[in-house]
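Take a look at the structure below.
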C-alpha cells in the first residue's frame with residue numbers, strides 16, 4: 001500500500017512538472033535582416049521585418065467570456081489577446097560582417113489586433129524641422145559591434161509588456177508617443193483616452209474622452225515589427241520567445257501559417273495615423 | 001588457583017560459542033529508489049545541449065531475488081547551446097517508463113543490468129532550431145538500458161547504488177544520451 005502511495009506521489013509530481021504552462025516556445029524569425037549596405041545613392045540601407053504571432057481561432061468559451069467582460073466594460077472594447085495572456089521576449093544576435101567596428105540600432109514596434117504603430121509615418125510637429133523623430137516603442141539605442149564579431153541581447157518580457165501597453169495607449173488612447181514611451185506603464189491599472197492629436201493646430205490641447213480603459217482590456221501585441229539600422233554591413237538574427245499562459249498559440253507555430261492557416265486568427269490592424277500631417281508651407 | 005581455572009574455562013567456552021554474527025539478508029518485495037545524477041547527450045546532440053543535473057525515481061517489486069520490475073521517472077535540465085539566438089536558455093527533459101532489472105548478488109554487493117521503454121517529453125521547442133524536434137512535437141517513445149552496482153547497508157531495508165543508463169529517443173531525431181546516478185534504495 002505504501003508503495004502504491006509512492007507511485008501516486010511520483011506520478012502526480014511528474015504530471016505537475018510536465019504540465020507546466022510556463023514553458024516557453026521559440027519562434028525563429030523566417031529570415032535574417034541585413035542592414036548597412038551602401039546603395040546606389042551612397043546611403044546605408046535599413047532593414048524592416050515583421051513577425052505575426054500564430055494565434056489560434058478564438059474558442060466559443062473564450063468568446064463568451066470576452067463578450068461578458070465587454071458587456072460590463074461597454075463601450076470599451078475587449079481584445080481577444082490581452083496583456084498577460086502571453087509573455088513575449090525577443091532574443092537577437094547582430095553579426096558585423098565589415099572589417100571595421102560599427103554601431104547598430106534595433107527599434108521595436110508592432111501591432112495589436114486593433115492598430116499597428118509605425119513611428120516613421122507619424123510627424124508630431126510638422127512646423128519644426130528640428131523636432132525629434134517620433135519614437136519607437138523600445139530599443140533604438142546604439143550597440144557597439146566590433147569588426148567581424150557578434151553581439152547578442154534581448155528585449156525582455158517587461159519591455160514587451162511595456163511596449164504593448166504603450167502601443168495601446170498611443171493608438172486607442174491617442175496619448176502622445178513621447179509621453180507613452182517615456183512613462184512606465186507596465187503596472188498601470190488603466191489609461192484615459194484623449195482626443196486625437198492635431199499637429200497642424202497651434203496650441204491644441206487634447207482633452208479626455210470616453211471612459212478609462214481598464215487593464216483587463218489592454219491589448220497585447222500580436223505582431224512584432226523590427227527596424228534594424230547599422231553604419232556597417234551587419235546581419236541581425238532574432239527569435240521570439242513566448243510563454244503562452246492562456247494556451248492560445250498554435251502548437252505548430254509558424255508552420256501553421258502554411259499547413260493549417262484556417263486554424264489561425266487573422267488580425268487586420270489599422271495603421272495608426274490619426275491626423276496625417278501636412279508640412280507647413 | 002582453582003577459581004582461576006574455573007573462570008578461564010568459562011571464558012574459553014564463551015569465546016568458542018561467539019562466532020561472527022551473520023549479516024542480515026536484504027529485504028525483498030516492494031521498493032523505491034531515489035537518485036541524483038547527470039544526463040549528457042551523445043554525438044550530434046552534445047553540441048546542442050550541455051550536460052545537466054538529473055533526478056530519478058524508481059518504484060517496483062522484486063519478483064525473485066534476481067529479477068525485479070518497476071516504473072521509472074526521470075527529469076533533467078539542460079542549457080541549450082544551439083546557434084544564437086537564443087543564448088543561455090534551458091530546457092527540461094522528462095522520461096518515464098517501465099523496466100526490468102536482472103541482479104546478481106555477492107554478499108553485500110550486487111551488480112545488475114536493466115532495460116526498459118517509456119515516454120520522453122521535452123519542455124520546449126528550442127531544439128527545433130537544429131531539427132531535433134519537429135514543429136508541434138514534444139513527446140516521443142524512449143528506450144533505455146544500462147547497468148550498475150549496489151551496496152547493501154547494515155539495515156536490511158537500505159542500499160545505495162551507482163547506475164548508468166544509455167537512452168535513445170527516436171522521434172527526437174534519435175538523440176542518445178547517458179544518464180548516470182547515485183541512488184538510495186529502500187525495500188519495504
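The values are calculated or read from the model by the stated rules, or taken from the named source; none is laboratory data. Everything quoted here is computed from the prediction, not taken from an experiment. Here the Cβ is made from the backbone with ideal geometry for all residues, glycine too, and neighbour counts use every protein chain on show.
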- Test: residue in the stretch A:42-49 that is crowded, with 19+ Cβ neighbours inside 10 Å, within 13 Å of another protein chain (Cβ to nearest Cβ) and in contact (Cβ under 8 Å) with a residue 60 or more places away in the chain: no
- Considering the stretch A:21-73 alone, what residues qualify as being touching a helix residue (DSSP H, G or I) at 6+ places or on another chain (Cβ under 7 Å) and over 17 Å from residue A:95 (Cα atoms)? A:26, A:54, A:56, A:57, A:69, A:73
- Starting from residues that are part of a loop (DSSP other than H, G, I, E, B) and touching a residue at least 60 places away in the same chain (Cβ under 8 Å), keep the ones in the stretch B:114-154 and report whichever is farthest from residue B:38 (Cα to Cα). B:154
- Message: I need the full set of residues from the stretch A:116-161 which are within 11 Å of the chain's Cα centre (by Cα) and not in a loop (DSSP other than H, G, I, E, B), in order please.
- Response: A:116, A:117, A:138, A:155, A:157, A:159, A:160, A:161
- Note on the structure: Per the filter on the stretch B:60-76, residues closer than 20 Å to residue B:178 by Cβ and either assigned to a loop (DSSP other than H, G, I, E, B) or over 17 Å from the mean Cα position of the chain (by Cα) (or both) are none
- Query: Any chance the stretch A:169-179 includes a residue that's in a loop (DSSP other than H, G, I, E, B) and within 18 Å of residue A:226 (Cβ to Cβ)?
  - Reply: no
- Message: It is to be established whether one or more residues within the stretch A:230-241 are more than 30 Å from residue B:82 (Cα to Cα) and either in contact (Cβ under 8 Å) with a residue 40 or more places away in the chain or under 19 Å from the mean Cα position of the chain (by Cα) (or both).
- Response: no
- Note on the structure: Selection over the stretch B:83-98 where residues are outside any strand (DSSP E or B) and either at pLDDT 95 or above or at the interface with chain A (Cβ under 8 Å from one of its Cβ atoms) (or both) yields a count of 5
- Note on the structure: Condition set outside any strand (DSSP E or B) and away from chain B (no Cβ under 11 Å), scope the stretch A:233-256, selection surrounded by the most Cβ atoms within 10 Å (Cβ to Cβ): answer is A:248
- Restricting the stretch B:52-79 to residues that are surrounded by fewer than 20 Cβ atoms within 10 Å (Cβ to Cβ) and facing another protein chain (nearest Cβ under 10 Å), the one farthest from residue B:130 (Cα to Cα) turns out to be B:61
- Of the numbered conditions (1) within 14 Å of chain A (Cβ to nearest Cβ); (2) at pLDDT 85 or above, residue B:42 fails exactly one; give the number of that condition. (1)
- Item | Top-ranked residue of the stretch A:3-49 - restricted to ones that are within 30 Å of residue B:76 (Cβ to Cβ) and in a loop (DSSP other than H, G, I, E, B), ranked as modelled with the highest pLDDT | A:29
- Query: Taking only pairs six or more apart or across chains, which ones have beta-carbon atoms under 8 Å, a first residue in the stretch A:82-111 that is over 17 Å from residue B:85 (Cα atoms) and within 14 Å of chain B (Cβ to nearest Cβ), and a second residue that is at pLDDT 95 or above and assigned to a strand (DSSP E or B)?
  - Reply: A:87/A:242; A:87/A:243
- Can you tell me which residue among A:242, A:235, A:227 is under 15 Å from residue B:136 (Cβ atoms) and modelled with pLDDT of 95 or more? A:242
- Message: Filter the stretch B:155-170 down to the residues that are in contact with a strand residue (DSSP E or B) (Cβ under 9 Å, 6 or more places away or on another chain) and not in a strand (DSSP E or B) and list them by number.
- Response: B:156, B:157, B:170
- Note on the structure: Given the conditions (1) more than 14 Å from chain B (Cβ to nearest Cβ); (2) surrounded by fewer than 22 Cβ atoms within 10 Å (Cβ to Cβ); (3) touching a helix residue (DSSP H, G or I) at 6+ places or on another chain (Cβ under 9 Å); (4) farther than 24 Å from residue A:47 by Cβ, every one holds for residue A:132 apart from (4)
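For (1) under 15 Å from the mean Cα position of the chain (by Cα); (2) surrounded by 15 or more Cβ atoms within 10 Å (Cβ to Cβ); (3) over 27 Å from residue B:65 (Cβ atoms), each residue gets a yes or a no:
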| position | (1), (2), (3) |
| --- | --- |
| B:129 | no, yes, yes |
| B:141 | no, no, yes |
| B:149 | yes, no, no |
| B:163 | yes, yes, no |
| B:172 | no, yes, yes |
| B:175 | no, yes, yes |
| B:181 | yes, yes, no |
| B:184 | yes, no, no |
